[in-house]
1. Kirkwood hydrodynamic radius for region 70-224: how many Å is it when counted over pairs of different Cα atoms?
2. So which chymotrypsin sites (Phe, Trp or Tyr not before Pro) in region 1-71 are both in a DSSP loop and have at most 11 other Cβ atoms within 10 Å of their Cβ?
3. What is the sum of charges around residue 300, taking Lys and Arg as +1, Asp and Glu as -1, for the other residues whose C-beta is under 15 Å from the C-beta of residue 300?
4. Applying the Karplus parametrisation 6.51 cos²θ - 1.76 cosθ + 1.60 with θ = phi - 60° to the phi angles of region 110-117, what ³J(HN,Hα) value in whole Hz is obtained for each residue in order, glycine and proline being reported as x?
5. Within a Cβ distance under 13 Å of residue 336, other residues only, what is the Lys/Arg minus Asp/Glu net charge?
6. With a cut-off of at most 15 other beta carbons within 10 Å, and DSSP calling the residue loop, which trypsin sites (Lys or Arg not before Pro) in region 13-44 qualify? Please list them.
7. Amide H of residue 315: which non-local residues (sequence gap of 5 or more, or other chain) have their own amide H closer than 5 Å, using H built in the peptide plane?
8. In whole percent, and with a 1.4 Å probe on the protein chains, what portion of the accessible area of region 258-323 is carbon and sulfur?
Amino acid sequence: MGRKKKTVDLDRDNDIAPGLVAKTKKRLVVASGRSHPALSAEVADSLGTQLVPTEYRTFASGEILTRFEVSIRGCDFFLIQSFGPPVNEWLMETLIMLDAAKRASAKRITVVAPYYPYSRQDKKGRGREPISARLVADLLRTAGADRVMSVDLHAAQIQGFFDGPVDHLFAKPVLLDYFERTLTADDRAKLTVVSPDTGRVRVADTWSDSLNAPLAIIHKRRDPNVANQVTVNEIVGQVSGRVCLLVDDMIDTGGTIVKAAEALKANGAERVIVAATHPIFSDPAAQRLQSAAIDEVVVTDTIPLPEEKRFPSLTVLPIAPLLARAIHEVFEDGSVTSMFDGAA
């Protein structure tokens, strides 16, 4: 026998229409694309749940098909997809999964993209260029996303590209906890936080405040006509005899970071430690980052790193607990901002 549903009669005086009332409980559901299944599984485990069983197919022609093997009707649906290489394949898979979730009647759909694709194309540097970060936001929205969650966007303005809520998370607490545990008292006394370019000064400044360390800035020039070519011009700040902590949001080919580290060592830095959120590590980054100018590289696992791109001086920190906490706050209608002392 089915459950007896409560009925409501027409009540014109109080503007209440006749109908049925059923108690519906919110249900959090986590699904994963194929880009970083290990991270998705860790997030689900941190939340105390499992990933939605999903069928994935890539046909001989390259077309992608996804299908959720169980009902997700009426659920609060979180799709986790990172965007390491091949970024275009994972982007297309995400759009297809969003369409499937929308057509499966998920109540609210959130894309959890630890690394936001095309984030460096956030403005027009020259005439006739696209703003691809905006295009990605439009694609996600059109495919069915109600909300986006990401970590350390390359530019904060990307939040305004998406027509809906954007939860901008920061990996700084994860990285900062590591350095507070590993830096010696002598290291802390000689520590200088370094911004690899003027665009990251604001982020480096927050690190400087948190670690109670002075700030240095590297002024660089990039040839707009040649990708991944950087020239370091000068260093603003005292780095001689100091332990320099270079902070950045991502490392792609490693050219910027290595040149910055070499400039710091050439100006008398005692040690150079690199901290970054997103280890894209396009070739030949893994080889470059083993430069004698860099003593340690610390990143998070927002992007999967195969063994061939790992090296002895590399430390990879888990980002899953941070993502899981943010997902829980969104699901419970809590405060994501409270996770970052009001900064998010």
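1. One over the average 1/r among Cα pairs gives 17.9 Å for region 70-224.
2. The qualifying sites are 59.
3. Surrounding charge for residue 300 is -3.
4. 10, 8, 9, 10, x, 10, 7, x
5. Taking every other residue near residue 336 into account, the sum is -3.
6. Those that pass, being in a loop and sparsely packed, are 23, 25, 26, 27.
7. Residues meeting the amide H criterion: 297, 298, 299.
8. 48 percent
The values are calculated or read from the model by the stated rules, or taken from the named source; none is laboratory data. Predicted model only: the values in this text are computed from it and were never measured. Heads up, the Cβs are rebuilt from the backbone with ideal geometry, glycines too, and the neighbour counts pull from every protein chain shown. Quick note on the areas: whole protein, heavy atoms, side chains included, nothing else; ligands and nucleic acids left out. Shrake-Rupley method; radii C 1.70, N 1.55, O 1.52, S 1.80 Å.
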